[in-house]
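Below is one structure, written out as structure tokens, with a few remarks after it.
Bear in mind that the values in this text are calculations on the coordinates, not laboratory data. Remember, predicted model here, so these are calculated numbers, not experimental data. Quick reminder, even Gly has a Cβ in these numbers, built from the backbone with ideal geometry, and neighbours come from all protein chains shown.
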Amino acid sequence: MIFGLGIKHVGAKVAKTLLKHYPSMTALMNAQYEDLLLISDIGEMIALSITEYFKNTKNLEMIQELMDLGLNMEYQKAEAIAHVFNNKTIVLTGKLSIFSREQATEIIEKLGGKVSSSVSPKTDFLVCGEDAGSKLKKANELGIPVIDEQTFKVMIDGLY
């Protein structure tokens, strides 16, 4: 829903991040600029865009109309399954053949993990498909555990 509002600079990833901190539309509508800046992945430009969006009367009227029509404006977070990926940062690289990137990302997030687009010392696992390049090299340099897609499948087997 947040992504669908069309708030400038708020894509799918930022919308997911916002849900973790503001589980209802009302909470997000009342978010303060300074509080938004405290959230990882939210910078000045995005925080300003969000607060300005909710100052616009036409936007507020549209949201109220959607609420009046019965659209659910509250996020019910599913409990993460106890899993090795819980509270871990995982990077996907290379061509995945068993799962699409979207499927792998969804699975990791449902298991309580976070998918990052780049390898850093904070990365806990690298899931490596075919033809991996610089991410694999960096993970090896940093000593980050690398698992291939088949191992990933075994690790989640029975859960998805």
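Here are the numbers for this structure:
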{"item": "Within straight-line cross-link reach of LYS16, aspartates and glutamates at Cα separation under 16 Å, skipping those fewer than 8 residues along the same chain", "result": "ASP41, GLU74, GLU79, GLU102, GLU106, GLU109"}
{"item": "Anchor LYS137: lysines whose Cα lies under 22 Å away (excluding residues fewer than 8 positions away in-chain)", "result": "LYS88, LYS95, LYS114, LYS122"}
{"item": "Expected 222 nm ellipticity per residue - DSSP helices of 4 or more, -39500 (n - 2.57), all of the chain, to 500", "result": "-12000 deg cm²/dmol"}
{"item": "Student exercise, the chain dipole from Lys, Arg, Asp, Glu Cβ charges, in Debye to nearest 20", "result": "340"}
{"item": "Whole-Hz couplings from phi, Karplus 6.51/-1.76/1.60, listed for segment 138-149; x for Gly and Pro", "result": "5, 4, 5, 4, 8, x, 7, x, 10, 10, 7, 5"}
{"item": "Using a Förster distance of 30 Å, the FRET efficiency for LYS8-LYS122 (Cβ separation, nearest 0.05)", "result": "0.55"}
{"item": "Base-10 log of normalised Debye intensity for the chain (one unit scatterer per alpha-carbon) at q = 0.11, 0.16, 0.19 Å⁻¹", "result": "-0.56, -0.96, -1.14"}
